[in-house]
Number of protein chains: 2
Amino acid sequence: MIVTVTMNAALDRTLTVPNFQRGQRHRASQGLTLAGGKGINIARALKRLDVPVVATGLAGGRTGTRIVEELTSEAILNDFVRIADESRTSTAVVDETASSYTEINEWGPHVELGELEMLREKLHYLSRGAELVVFAGTLPRGVDESFYAEAIRELGRRGVQTVLDSEGEPLRLGTEAEPYLVSPNQREAEGLVGQEFHDDDDFAMALDAIADLGAPNVLLTQEEGCFALVREERRRVRFHAVAPRVEPVSVVGSGDVLLASFLASRLAGKPPDEALRSAVAAGAAATLEVGAGRFDPREAGRLTGGVEIVELEVVRS
Amino acid sequence: MIVTVTMNAALDRTLTVPNFQRGQRHRASQGLTLAGGKGINIARALKRLDVPVVATGLAGGRTGTRIVEELTSEAILNDFVRIADESRTSTAVVDETASSYTEINEWGPHVELGELEMLREKLHYLSRGAELVVFAGTLPRGVDESFYAEAIRELGRRGVQTVLDSEGEPLRLGTEAEPYLVSPNQREAEGLVGQEFHDDDDFAMALDAIADLGAPNVLLTQEEGCFALVREERRRVRFHAVAPRVEPVSVVGSGDVLLASFLASRLAGKPPDEALRSAVAAGAAATLEVGAGRFDPREAGRLTGGVEIVELEVVRS
């Protein structure tokens, strides 16, 4: 079983609006309300891949109640700590006529110390049955930037493997705590390494720099695929995987699906290049659907053959 | 007591977003979630004016649950029929830096015949204690366009006065059913009369045309005030009321506040011109706040002195 942890869960509303324009009154042709936040998106993708998963984290106020109801109606196992302050709502407007995607996010809730302690206890309990605990997304206000790092160390001491997908200082501290895998996107990875990436050498260097920080496996996700570093028998293998071209409807959450698929394949014992191929195809399939974490596994299967994978040369020892 | 009926209740989300632009990712500086729909907005304004009010109508699905919860948390007495299909969510983006207001509405739920019958029974019961029943807003799908007309006639037979604020065919049929007052905005009134209005004569003509259809009292609301026709002792008196200039933040729902204030004054026995003056000032005060139906009565009081009222000449006998 995989446990995903979403510290800043959201109610994700995606509105499809033809010819969306500022200052106008519109009628949405479609409205989709889903529980969201990176950890929840990953849980949704894992469930679609038939991997047993439990989503936990913090959910607050009436919006938190709705988040939990939505998860339950999707039959995604969930066990959230309910907090007092209101969880955020994220609103996205998809205009297919103009291929535009407009996003409005709110700040997350403020978390009290006692609420955080309840989450730590819940994690301790849930991780007993877990092969992997995935921490994903930003931290809400009132949570120390070392939260992920401490949780990763605590789970590590008890032999539970962890995955981290976050940004900024929580990502840096968490990476140093030596999780099994970190999965930043390009912007997050640039922040972590401290420079911009322009060519393949930069990305290969970044993979090693991040691995040196403490994470033996690194997925550096992009819209069109990913760079990956995998440690196999004390050796580091680096890949660049590029997805076949598709017409994206909504790219949001496609990195979450990529990560979920990669984890599912690796847990099933597939070799890294094969896992990467499925993962990148799943990420591409996710861009064809509105709603983060949603994708059609058959579409992913069709796209798998078109994924190009090259093994990267070692750029430094 | 006043009963307001909202057939197409909504969850109104207003997001304040500086420099809002299509295709960008934004962080909302403020997010406000309120129960909405014209009848609910009117109930909110009546409550702020200390007038006893009960909000009823149809509320569906999880969004309906949230609508009722929001009403209850505002201490607005409510008694909605819960329906199976999902109530709509309305999203508005206010950008104060650019003075832009962007609105995205969803279609309403589909209503089943049995659900409508439950509402009719509830109305029958609630109207026993009511001085006035206000029908406001659009009809959701599956509700016949003659719904308001039939309800108005039924209440009229039992001596209960009614107010109607809607549009299109439901407004036309409802007006013919002879409610105490109809309150269309300019666009709705133009649809009802069948022509566009350009000068004061056009508006005065429209007031009489609408009164001739069957409504003895007419409020024709505009952003900057209203035209009104009031029947007093078998005589028709017509007014044009113009609000003092303010810098509007959000004009949505300001007509609902205007109507609520007018009704509150009339029920309190105030003469029509005085009622109109307070109503237009309250409508102007409502444009200074985000959230439909919300306004500061003290601000309205300050604006009252600046309202200009002229009695209009009779343009035809």
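Bear in mind these aren't lab numbers, they're just calculated from the coordinates by the rules spelled out. Values in this document were obtained by computation on a predicted structure and should not be read as measured data. When we count neighbours, we look across all protein chains shown, and the Cβ atoms used for this are built from the backbone with ideal geometry, even at glycine.
Numbers below:
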| item | result |
| --- | --- |
| Rg to Rh, two decimals, where segment B:169-247 supplies the alpha carbon set and Rh follows Kirkwood | 0.96 |
| Label geometry 7 Å along the beta-carbon vector: B:R235 inter-copy distances in nm | 10.3 |
| Sites matching trypsin sites (Lys or Arg not before Pro) across segment B:152-206 that sit in DSSP coil, with at most 14 neighbouring C-beta atoms within 10 Å | B:R158 |
| Residues B:L263, B:L32, A:L155, sorted so that the one with the fewest Cβ neighbours within 10 Å comes first | B:L32, A:L155, B:L263 |
| Violating pairs (Cα-Cα greater than 21 angstrom) within the set A:K38/A:K270; B:K38/B:K270; B:K38/B:K122; B:K47/B:K270 | A:K38/A:K270; B:K38/B:K270 |
| Signed unit charges on C-beta, dipole axis of segment B:225-311, positive-most listed residue B:C226, B:G293, B:V246 | B:C226 |
| 10 Å Cβ neighbours from other chains, averaged over peptide A:100-110 | 5 |
| Cα convex hull of segment B:56-139, projected area averaged across orientations, nm² | 7.0 nm² |
| Assigned charges on the beta-carbon of Lys, Arg, Asp, Glu; chain B dipole about Cα centre (debye) | 900 debye |
| Peptide A:9-22 - average C-beta neighbours from other chains (10 Å radius) | 2 |
| Karplus (6.51, -1.76, 1.60) ³J(HN,Hα), θ = phi - 60°, over segment A:267-281, in Hz, Gly and Pro reported as x | 5, 7, x, 6, x, x, 5, 5, 4, 5, 4, 5, 5, 5, 5 |
| For segment B:235-317, alpha-carbon Rg over 2.2 N^0.38 Å | 1.10 |
| GluC sites (Glu not before Pro) lying in DSSP loop within segment B:189-274, provided at most 13 other Cβ fall within 10 Å | B:E196, B:E233 |
| Leading residue at positive end of dipole, chain B (Cβ point charges), from B:Q161, B:Q186, B:L34 | B:L34 |
| Burial order of peptide ranges B:40-49, B:198-207 (average beta-carbon count within 10 Å, highest first) | B:40-49, B:198-207 |
| Calculated P(r) of chain A - Cα pairs past 39 Å, % | 8 percent |
| √(5λ) per eigenvalue of the Cα gyration tensor, segment B:107-199, largest first, Å | 24, 17, 10 |
| Ellipticity estimate at 222 nm from DSSP helix runs (n ≥ 4, -39,500 (n - 2.57)) divided over chain B, nearest 500 | -11500 deg cm²/dmol |
| Shielding of A:24-30 by partner chains, average beta-carbon count, 10 Å | 5 |
| Relative contact order, percent, segment B:1-87 [alpha-carbon distance under 8 Å, six or more residues apart] | 35 percent |
| Evaluated over segment A:1-150, the Cα radius of gyration and Dmax, each in Å | 16.4, 52 |
| Only Lys, Arg (+1) and Asp, Glu (-1) charged, at Cβ; segment B:187-289 dipole about Cα centre in debye | 540 debye |
| Bins of 10 Å from zero: percent of alpha-carbon pairs in segment A:12-62 | 20, 34, 26, 17, 2 |
| Chain A - percent relative contact order, Cα under 8 Å, separation 6 or more | 16 percent |
| Ascending list, in nanometres, of distances separating the B:H198 label from those of the other copies (7 Å, Cα toward Cβ) | 6.3 |
| Electrostatic dipole magnitude of segment B:1-147 [Cβ: Lys, Arg +1; Asp, Glu -1; Cα centre; debye, to 20] | 380 debye |
| For B:G168, inter-copy label distances in nm, listed shortest first [label point 7 Å out on the Cα-Cβ vector] | 4.6 |
| Tail fraction, Cα-Cα pairs, the protein assembly as shown, threshold 47 Å, whole percent | 28 percent |
| Extent along principal axes [Cα atoms of segment B:102-157; Å; largest to smallest] | 39, 28, 17 |
| Phi-based couplings in Hz for segment A:85-96 (Karplus 6.51, -1.76, 1.60; Gly and Pro marked x) | 6, 7, 5, 7, 10, 10, 10, 10, 10, 9, 10, 6 |
